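What follows draws every value from the coordinates through simple rules; no lab data is involved. Here the structure is a predicted model, which is why all the values come from computation and not from measurement. Positions of Cβ are generated from backbone atoms using ideal geometry, with glycine treated the same way; all protein chains shown enter the neighbour counts.
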Amino acid sequence: MDELIRMSGQRYVSPVLLSQVALGLGEEVRALEYLKQAYAVRATDLVWIGVRPVFDSIRSEAAFIDLSSQVLPSRL
């Protein structure tokens, strides 16, 4: 994580990737914060949060549900 954060000062590192790493470290609150950052910068890989298994542990969190509803189109 530290290396990715250092790299992000020199080049683009998607906040979605940082969120995935945070989840791997068991840091769910931090992961949600990175997803909020991803939304703010319009990270294109944010569209995959609905299907990536790494996000299963936070799918029921209100912040994740709210973000998902803003990112992912609702189904008719």
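Helix 15-24 and the longest principal axis of the Cα set of the chain meet at an angle near 90°. Helical content alone sets the calculated 222 nm signal of the chain at -15500 deg cm²/dmol, taking -39,500 (n - 2.57) per DSSP H segment of four or more residues and averaging over every residue. Taking Cα atoms only, the orientation of helix 28-40 departs from the longest principal axis of the chain by about 80 degrees.
With the charge dipole of the chain set up from +1 on Lys and Arg Cβ and -1 on Asp and Glu Cβ about the Cα centre, the Cα lying farthest toward the positive end among the listed residues ILE58, ALA40, MET1 is that of ALA40. Looking at [x] -0.35, -0.41; [y] -0.44, -0.50; [z] -0.76, -0.78, which value of log10 I(q)/I(0) by the Debye sum over Cα atoms at q = 0.13, 0.14 Å⁻¹ comes from a calculation on the structure shown? Checked against the structure: label [x].
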